[in-house]
Structures are given as structure tokens and as C-alpha cells.
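Comments concern the structure below.
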Amino acid sequence: MALDSKIPAGKMDEKWGKYKSTCKLVNPANKRQLEIIVVGTGLAGASAAASLGEMGYKVKAFCFQDSPRRAHSIAAQGGINAAKNYQNDGDSTYRLFYDTIKGGDYRAREGNVHRLAEVSTNIIDQCVAQGVPFAREYGGLLSNRSFGGTQVQRTFYAAGQTGQQLLIGAYQALERQVALGNVTMYARHEMLDVVKIDGKARGIIARNLVNGELERHFGHAVLLCTGGYGNVFYLSTNAMGSNVTAAWKAHRKGAFFGNPCFTQIHPTCIPVSGDHQSKLTLMSESLRNDGRIWVPKKQGDNRKPGDIPEEERDYYLERRYPAFGNLVPRDVASRAAKERCDAGYGVGSSKMAVYLDFAAAIERYGKIEANKQGKSNLDKDAVIALGKDVVKEKYGNLFDMYAKITGENPYEVPMRIYPAVHYTMGGLWVDYELMTTVPNLYALGEANFSDHGANRLGASALMQGLADGYFVIPYTLGNNLADDIRTKSIPTDHPAFIAAEKEVSDRINKLMSIKGKESVESFHKRLGKIMWDKCGMGRNAEGLKHAIKEIQQLRKDFWSNVRIPGEVNEFNPELDKAGRVADFLELGELMCIDALDREESCGGHFREEFQTEEGEALRDDEKFMYVSAWEFKGDSQYELHKEELKYEIVHPSARSYK
Amino acid sequence: MQHYNMNLTLKVWRQRSNKVKGHFESFQVKNISSEMSFLEMFDVLNEQLVAEGKDPIAFDHDCREGICGMCSMYINGRAHGPWTQNTTCQLHMREYKDGDTIVVEPWRAESFPVIRDLVVDRSAFDRIIGAGGYVSVNTGNAVDANSLPIEKQKADEAFAAASCIGCGACVAACPNASAMLFVSAKIAHLALLPQGEPERKNRAVNMIQQMDTEGFGSCTNIGACEAECPKGISLENIARLNREYVGAIFSGSNNG
Amino acid sequence: MNWKNAFSTSIGKKILVGGTGLFLILFLVVHCYVNAMIFWPDEPGETGKHFTEAAAFMGGNVAIRIMEIGLFAGLIIHIVQGLLLWSQNSKRRPVRYEVSAGNNTSRWYSRSMGLLGTLILLFLILHLYHFWAPNRYGQAFDAAWREEDLYEKMVKVFSQMWVVVVYVLGCVSLAWHLMHGFFSAFQTFGLTTHRYKATIKSVGVAFSILIPLIFAAMPVYLHFIGSSGH
């Protein structure tokens, strides 16, 4: 099957405009007859469900949480990019497009990314209109900050809770449509399969997590807005419930999986403190605007950070990347931290951490504040107290969070940080219209692969989720459904629904009947360890081959020895988790296969065999300038399809942040 | 910070579904690290229960970084435990010492029926938002974001109100099981912004009516909600909601 | 929204309680002012002249009598709505907590307004029986009625120790009731904005202590000092 990305012809900056004015439309009376299923209610799902409901489609939205407002988009801290150029610092649609392509290490599709940059400004307008309380200047206008990997200030933010505020905006729009009857909300429901009729996605099988019953839902189209799969690593910054199940079921039903190995490791997370750890907590990247990252110059230095004099500290990011310093992109910063720790310079009791130090920033801000207040002869302590107040206003909630988790005061001692799995650039392969290789099945937001290439820039995930939901899918869905207006609702006693439900039910019963000895959690931890050690920040052919074997064995163990307590027909979180871990056990293998296939280093994918003498990633554009789209062919069998990437505008070069 | 391990007795509410009565059950957990979060301690207990062939304790949780609002335990008489401005998932075990007994209950309110053990149904909150907690602006209708300057102080106040995570601790903590702090946070958020102005009056009236329909108690200004709110939502928001309501009824909002 | 609906929502009911509460607070000021007359030193040969004059004015003036109807209406609304709120709210948590937050998250008196109000009501019944009913009954139904001298009556009533104790307890209940009620009424009308919150709180505390203290001083004074002089 040849992959057609359906990028419209024409000049790059005219493609989307032309598409919008020439795509097919569905008239209002017909929209009322068309049913749309939206799975997931994060930024992409909530915005899509709300927008489609407003347009008049009959929408059903599903989420596994108790309310659509809980989706993990809510945890995004730092901000959302938009090419508004409000700061007059030379930003433009082109520059945002260029930064995203470059940041993605030339593995993203130009057409999609340009569209993303174009609609970025609409997102800010829409969110402000909804009442999202972005940070403002004293003049009443919107405030911006800069973020890792860029040289302009284009990030809009709401303290350290930007994701929360954007999601609440979308959630409110969604609840409005629910109250109006345009959207029916199914909370505490998990999608367990896609139903295909005549080759098209026509519905889903969902499980009501409260009573365990399976439900059949018809839809003319199905939108998967189910987020990323970082939890395959067990420890990640994802929520406990984040999972790949919906996307994986779609994959098994024929949707190709794009670039599964592209994982983003976020450089600034609170380090692991012990075996009991259930998740990792992110400290917003915005901290790198003011914090300086360092390790001792001496290996195994056990002195307290305050006792290590300035000249014995190695500010390794500033040393290696003088142009961007502490603001290099995430993949670069993460690898540099790992390199220092692996070489024996790590700090803290585990030695797997580096310092993020605010002392310099506190002093700098203190001096500025003292000047502002006209107090030129303050002593050092008074200046530092002023500086702490400034830092508190900027990052107070993050500092509080750090203090709660670690029991240490980050105003006094430097934070300890270490990279952690954060985001997955890979996902279901989609074309320009966000449709997967299964007709009428769409993937939006983090669940698709399309916009971030091999590495996502900070503050771009929120942008992409909302772009897909508010501004892309309303057009592209109509363009497709215009041909579907004659399709009547298909009753859910159709054989395809019955067969799909039986398949789901058989699998659940099989899981329940194993009655083994080991808990689901334990299997998940074991999978996570394999993935982190062999398919994490650094990968090599030998390790990946091992990992594939280990995962296959682990999967076998799981299906013969997992213990799931309770019953099928009741509220049973262990059973929910078992289904998700079973899917991770398949996905993990595919990620390793993909990582093994891609014999180059690019973005978040770092193959140890392919690096420069200085330890930087070595891309191979000759051989690997393509999207890997994997087709499911049966257990452990995947066929690779390649979508060649053509760069019309940006010319790929070695990514340098020096 | 000195780390240590501890053994604890947990007295936890068990209830198979909302159709049957619940009861307390006691458990012993051993070697709990002071570095664990409260929910990680529950993970340990659940692993132990699974190993013993018993049903693990059901509890709501998701992000485990204090923002999604899903976790919801009433711990030794306190919503989200003893720390102020904190969620259960961010409560850490260094709060406790060896030999402590901890009583854990679900949020208790008529409007939050128990689903299982410590899990309750908070969908009433969604319906209250649906009754008016939004700005009616369809996608694509927006003007340029900077065409509407907003006084910084008001924007900051609106943000403080909007930081509500909808966890329901206010209801759990309120002796009347009232949802006023939750409702007021949303009303204050939107009333402070010019975008919320056109629907201001109807919003206040409709959301209050929905709150009453859902069976929440009424506010008698006790203030336990403010004390327990993990996001520090202030009672001033309730004052603002009252003001909005008084304004709406005396100016004759045409609704209802 | 029509008036009936406006006052039947949870906030509407609270507005009734808070509004009547504010009205009763005003009444307390007037009542307290008149009562305080007993502490106004007498000219030689007089006892309680200032108070008796004021009391006679309050008892005989038509305008005051008409306002009294409003006062009772307010009182009844306050009591009925207050007790209704209390009983409805107490049903909102069908299964109680095993461990309660107690005073960790709120003050006991703010949670006990129903109880404190009931105590005040019981005291009020006794108080009306002592000082209001005899005169007002006579005024309405007895053609030969003349205003009884309330000062003399007070001296007589407060000579009984148990009455003094009940009155002091009534005032203590009132103090705690006001300690929450004063601020709460302002909060209900949304007047406790950031700017005024602290002031209203402080004035409320001062009011809650001062007014009941003056009220309580009267029976104590008459029992121990005032009456012994005669």
C-alpha cells in the first residue's frame, strides 16, 4: 500500500488557505444526521468534540477518567507557542515553521508543520475569547516568554498551569455542547476496539469502567485523541492512566504506526528516589530560562552543593553550547545530563542527577529589584531576599511542588534534576487531513505522529493538540464526510459490531482466566526497565535486539502468569490496567524494531553507533529521510512502509546549537 | 533530610458499590519509606493485597502531580490529608511516623455517591459547568487576542479563581456538603473578565440552580472549604458569587 | 427570575437569613442603647429614670409599635429559614465521617449556628415572657392598662439568681452567634471584598463582644449592685 500524505499542491504558504476554500462542505441539515465518535478529551479531543458539536454534528465523546477535565493535557506547565510577534522580536509564521522543522531534526512533514504555524495565532485568539486567563503585562496586553530551542519570545502562558487553563477552556466549551445536547459525554469509558465495516471505521466497542459492561457505539467517523504512550516506560511524566490502548487497537485494525521509536526525554524532572516510585514529575522547561545547570568538576564529589566553589563547577551546557547555553532543545539537554552522570559526575544519593541552580538568578533579580525600588546600598542578604520574591512570583508553584516532593527548599539549595520520558512524537500515521490508513479513522494531537518529527520543541504540544481539534479537523472531516451523507446510521446489531465485541470480551475473559501469581504492576515495571535501559536515551543494535527478545518473553510470562483480582462486571481498575499493559507489551517490541531499523541518530532517537566525535547526534539524510510507517501483520510481525520526506523550503543541515 | 522507614496501620473504607453498605477494614503496611507519596503507599498496600489474593482498594488518581483533581481521599478527618494547599497525591509519608494509624475515607456527600471503596462520582460538577460555566463563543469567532486589554490585577485574580482543579475537596470538607467554593471559583473567573460579561447574570443564576438540583448543601460561610482547597481558592470568590447573584435578581435577569 | 424563585435557591434562602440577621443586628443596637440607660447615673432620689423614660417611649410610640411588627416578621423569617437551612444541610451527608475535621478547618461556632440560635430562641421566650408580653398584652386587650414600670420589674426579676444565670448564658450564646453571624451576613451580600474583609471581620468581633457584654452586665448589675442600693 502506497502512502499518500495528500499534501495539497501549490506554494507552501498557500496550501492550507487553498485547501480550506476548496474543500467539500456538509450542509447543516446533513450534519445533524452524521455521528462522530471522539475518543479522549484532552486538548485535541475536547476542542474537536466541542467544535464539531457547535457545527451541528452529533458527537459522542469518551474518556476513561471521571471527567473530561482530568485529561493529562492539564498537567502541561510551561506554555503554548504562537507566531503572534507581539514582542516585535522578529517572529513570523515562517520562523515558527522553521524552528519546528529544525527542532524536529528534519523528520517532520513540511506541509503539516506550516499549517500548524499558520493556525497557531488563531488558537490564542480563540482561547482568550473563551476566557483563558493568560499572563498579562501591566498595560493589559498578553505577556510572552522564551522557551528551549528558540530565540524569540513567542510562548503564551498562565503561570505554570498553561495546560490546565487551556484544557479548562476547551472543557467548558465541551460541557456547553453537552448541555445543549449536541455532544453526549461518556466518562469512565474506555475504548477497546475499532469497528470496521466495508473497510471504513464505523464505530467502537467501549467498556463502561463502572460496571464493566461492553457497549457498541456507531459513528460515521472515529477520532482518536488519546494522547501518547510514554507510559510504556513505566516511569514517565505521563498520568497513571495514560495508555496506548486505543491507538494500538486501531493499529491492529490496520492503522499504520508512524515513527514509534521517537520518544522525547525531558531534561528537567525530579529524579527517581527509590523502587517505590510510581511516576516522575516534570519541572517546567521554563526554569531553564533562569536556572543554570551544573555538576561538580570532580568525579564522585560528595560535598554539599553550597560547599563547592564556583571554579570547581562544570556548567556543561554553557560550556558545550555557548550560543544557546541552558536553553538548548530538550533532546540535547537530556543527553548531556546523561553523559555527565554516566561519566561519574552525577549528584545526589543516587548519583543520577544534576543541579539546576537559581542562586545567580536570585541575585540578578534582587539587584534589578533593588534598583527599581531605588535602594542602592542594600546588603547582600536583603538583595537576595528581594530576588527570592521575584523568583517566587515567576516559578512559585513549581518550587512549592519540588519542595513537597523532595522535602528540600529550592530557594536555598539547587534543585536536583534528571531527564525522564515525557512525550512521544511517534503515533498513528496520518495524512494531511489527519486520517489514518483506515478510512474514516482519524488521529489528533499527541496520538498522531505528524508535526514534531524526531523531537518536539517546548510549548508546541499544546499548540498542536488545539490546532488539530479547533482548526484542522472541522475542515478535513467535512471534506471526507461530504461523500458519506447517504450513509444511514448503522444499527449496532450489525455482524461487525457483534464480532468486534466478542473479540474484546474473549480477550478480557482470557486475561481474567489466567489467575497467575504476578501483579499487573510488576509486569509493567519489568517492561519499563527493559525499555528505559535499551530503548531510552541511548540505543544500540545489540541492546535493541536483546530488548525485543526480552519483551517477547515477558509477554509470554504475562499471558501465563498475570494475576487480576475481582470480577469482570464491576469497577475493577486492575483489569483496566491489565488490558493497557498487555498493549504496551506489544508496542514496546515495535518501538525497539523501529529503533533498530533507524540506523542514524536524530532528535530524541540516539543510536550510540551514530554520533560525531563530540558526541552529537549524527543524522543520515541519504538513507533515513523518511517516516517509518509500520503495518501490523500479526503478532510480532510488522511491515515497514516509508513515506519519503521532501523538503521544499527548509534545507536540512546539521542541527547546531553551538 | 533524613529518610526513614515505618510500619503503619490503615483503616480504610470498603464498599463494593453504591448499592451495598460500606464498612472499615484494617490493614498493616510495613517498611514504608518516608520518601514515598501517600498514593505510592497505597500502591504498596494494593500489591500486598493482590499477592494475598484479595481485592485491592479502589481509589481515584491520575496525574499524581497535583493538577488533574482526580485523587480524593479524606485522611484522618482532612480532605487531601493534613498538609495545606495540597492534594493527596502530593502528600508524602514523611508526615507520618512509625506506628501511626491512618483512617482513610471517601469524599462523603449525597451528591458524590460512592462507586467503589474510595472512588466517588463527581459528575455533578460537570453538569454545573454545563449550566453556565463557559463563554458562549464558537470556534472561529474570535477577534485578535490583544484587541481586548485586561487590567493585570483582574487577569491575575481571574487566574487565581480559574486554578480550581474540580477535585471536590470543598464539598468533602464542608459540614453542609456545599459546592459553593467550586461554583464561585468558576463564576468569579468569568465575571472578572470582559469576555464573561454578556452572560454574567444568567450564568450566576443558572449555575446556582443546577448546584441546588444536584443536591449540594447551601453555604453558611463556615470556611472549611477555603481551609482545605488544594489550590487556595479564596472565600472572596463566594462573596463575589453572592454579589453576582444579588445583582442578577435585583436587576431582573429574565431567566427562570 | 421571579421573586419567589429568587429567594428559594440556596443563596436566596441565605439572603433571607442574612438580611433579617442584619436587621436584627440593628435592632440589637437600639435595644442595647435603651438598656444602657440604666447605667446613666441618676439624680438624687431617682432610680432608673432615664431608662424608664426611654422604655415608656418605646412602649407607647405608635411608630415603634408598627416597626415592631416588622421586627417580629424578621425574627420569624430568620428563625424559620435558619432552622430550615440547618435541617436541610444536615441531610446532605447521609453517611458521616468516622474522623471529623473538628476545629482544624473551621471554628466550632460557625458550625453551630443552629444550636446557638436555638439557645437564643429559648432565652428569648423567657425574656419576652418577662418583659414584653405583660405590657403588650395589657396594651392590646386590657382597657385599664397602663405601662408597667420596667425598671421595677427588672429589679424584681433579676433578684432571682437562676434568671441572671439564664440571661448571662443567653448573652453568651448571642455573642458566639454574632461572632459568626455578623461577618456571615456581610459575606452573604458579597460585601466582604478584599478591601473590606479585614475591617468587617474586626468590627464583627468587637460588636459580638461589646453588645452581649452590655446586655449581660444589666442583670448582673441589678442583681448584685443596682438592687442593693434600694
How many of the residues making up the range A:407-434 are more than 14 Å from chain B (Cβ to nearest Cβ), part of a loop (DSSP other than H, G, I, E, B) and more than 18 Å from A:Arg303 (Cα to Cα)? 9
Given the conditions (1) buried (at least 21 other Cβ atoms within 10 Å of the Cβ); (2) within 22 Å of A:Ile508 (Cβ to Cβ); (3) out of contact with any Asp or Glu (no Cβ under 7 Å at 6 or more places or on another chain), report the number of the one that A:Trp559 does not fulfil. (1)
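Table: residues versus (1) among the aromatic types (Phe, Trp, Tyr); (2) over 26 Å from A:Asp620 (Cβ atoms); (3) surrounded by fewer than 24 Cβ atoms within 10 Å (Cβ to Cβ); (4) touching a Ser or Thr at 6+ places or on another chain (Cβ under 7 Å).
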site: A:Gly427; (1), (2), (3), (4): no, no, no, no
site: A:Asp431; (1), (2), (3), (4): no, no, yes, yes
site: A:Pro439; (1), (2), (3), (4): no, yes, yes, no
site: A:Ala461; (1), (2), (3), (4): no, yes, no, no
site: A:Leu466; (1), (2), (3), (4): no, yes, no, yes
site: A:Ile473; (1), (2), (3), (4): no, yes, no, no
site: A:Asn479; (1), (2), (3), (4): no, yes, yes, no
site: A:Asp483; (1), (2), (3), (4): no, yes, yes, no
Looking only at the range A:65-95, which residues are more than 9 Å from every other protein chain (Cβ to nearest Cβ) and either touching a Pro at 6+ places or on another chain (Cβ under 8 Å) or over 15 Å from A:Leu457 (Cα atoms) (or both)? A:Ser73, A:Asn85, A:Gln87, A:Asn88, A:Asp89, A:Gly90, A:Asp91, A:Ser92, A:Thr93, A:Tyr94
Can you name the condition, by its number, that B:Asn202 falls short on among (1) under 20 Å from C:Asn89 (Cα atoms); (2) touching a residue at least 60 places away in the same chain (Cβ under 8 Å); (3) among the polar types (S, T, N, Q); (4) more than 7 Å from every other protein chain (Cβ to nearest Cβ)? (1)
Scanning for something in a loop (DSSP other than H, G, I, E, B), β-branched (Val, Ile, Thr) and either surrounded by fewer than 21 Cβ atoms within 10 Å (Cβ to Cβ) or at the interface with chain A (Cβ under 10 Å from one of its Cβ atoms) (or both), does the range B:112-127 turn up at least one residue? no
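Which residue, of C:Thr9, C:Thr52, is under 19 Å from C:Asn135 (Cα atoms) and not hydrophobic (A, V, I, L, M, F, W, C)? Working first, answer last.
On the way: C:Thr9 fails: under 19 Å from C:Asn135 (Cα atoms).
After applying the criteria, what remains is C:Thr52.
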Which of the residues spanning the range C:201-221 are surrounded by fewer than 17 Cβ atoms within 10 Å (Cβ to Cβ), farther than 27 Å from C:Lys153 by Cα and touching a residue at least 12 places away in the same chain (Cβ under 8 Å)? C:Lys201, C:Val203, C:Val205
C:Val95 being aliphatic (A, V, I, L, M) and within 30 Å of B:Gln15 (Cα to Cα): yes
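Looking at the range B:146-254, what helices (runs of 4 or more DSSP H) fall wholly within it and have at least 1 residues that are more than 26 Å from C:Ser112 (Cα to Cα) and not assigned by TED's automatic domain parsing to the domain that holds B:Arg64? Spell out the reasoning first.
Working: elements: B:152-162, B:169-173, B:180-191, B:200-213, B:224-228, B:236-250.
Because the criterion is at least 1 residues that are more than 26 Å from C:Ser112 (Cα to Cα) and not assigned by TED's automatic domain parsing to the domain that holds B:Arg64, the helices (runs of 4 or more DSSP H) in the range B:146-254 that meet it are B:152-162, B:180-191, B:200-213, B:236-250.
If you check B:Cys164, B:Cys174, which single one turns out to be touching a Cys at 6+ places or on another chain (Cβ under 6 Å) and buried (at least 17 other Cβ atoms within 10 Å of the Cβ)? Give the steps one after another, and end with the answer.
On the way: B:Cys164 fails: touching a Cys at 6+ places or on another chain (Cβ under 6 Å).
Only one candidate passes the filter, namely B:Cys174.
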Give the residue that is surrounded by the most Cβ atoms within 10 Å (Cβ to Cβ), with candidates limited to residues of the range B:40-53 that are facing chain A (nearest Cβ under 7 Å) and either closer than 22 Å to B:Asn86 by Cα or of a type in the set (Lys, Arg) (or both). B:Glu40
The conditions are (1) touching a residue at least 24 places away in the same chain (Cβ under 8 Å); (2) buried (at least 17 other Cβ atoms within 10 Å of the Cβ); (3) closer than 21 Å to C:Gly181 by Cα; (4) in contact with a Lys or Arg (Cβ under 8 Å, 6 or more places away or on another chain), and C:Leu84 fails exactly one of them. Which is it? (2)
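Test B:Ala161 against the stated conditions and say whether it is out of contact with any Phe, Trp or Tyr (no Cβ under 6 Å at 6 or more places or on another chain), touching a residue at least 60 places away in the same chain (Cβ under 8 Å), within 13 Å of chain A (Cβ to nearest Cβ) and within 30 Å of B:Asp60 (Cα to Cα). Explain how you work it out, then say what you get.
Numbers: out of contact with any Phe, Trp or Tyr (no Cβ under 6 Å at 6 or more places or on another chain): yes; touching a residue at least 60 places away in the same chain (Cβ under 8 Å): yes; within 13 Å of chain A (Cβ to nearest Cβ): yes; within 30 Å of B:Asp60 (Cα to Cα): yes.
In short, yes.
Please state which one of C:Gly12, C:Gly59 is without any contact (Cβ under 8 Å) to a residue 24 or more places away in the chain, part of a helix (DSSP H, G or I) and either touching a Lys or Arg at 6+ places or on another chain (Cβ under 8 Å) or crowded, with 16+ Cβ neighbours inside 10 Å (or both).
Values: C:Gly59 fails: without any contact (Cβ under 8 Å) to a residue 24 or more places away in the chain.
Exactly one of C:Gly12, C:Gly59 is without any contact (Cβ under 8 Å) to a residue 24 or more places away in the chain, part of a helix (DSSP H, G or I) and either touching a Lys or Arg at 6+ places or on another chain (Cβ under 8 Å) or crowded, with 16+ Cβ neighbours inside 10 Å (or both), namely C:Gly12.
Report yes if some residue within the range A:266-281 is under 27 Å from A:Glu599 (Cα atoms) and under 14 Å from the mean Cα position of the chain (by Cα); otherwise report no.
Taking every residue of the range A:266-281 in turn, at least one turns out to be under 27 Å from A:Glu599 (Cα atoms) and under 14 Å from the mean Cα position of the chain (by Cα).
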Collect the residues in the range A:243-270 that are surrounded by 24 or more Cβ atoms within 10 Å (Cβ to Cβ) and part of a loop (DSSP other than H, G, I, E, B), keeping them in residue-number order. A:Asn243, A:Val244, A:Ala255, A:Phe256, A:Asn259, A:Pro260, A:Cys261, A:Phe262
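The values are calculated or read from the model by the stated rules, or taken from the named source; none is laboratory data. Just so it is clear, the model here is predicted, and its values are computed rather than measured. Because the Cβ atoms are built from the backbone with ideal geometry, glycine has one as well, and the counts that use them run over all protein chains shown.
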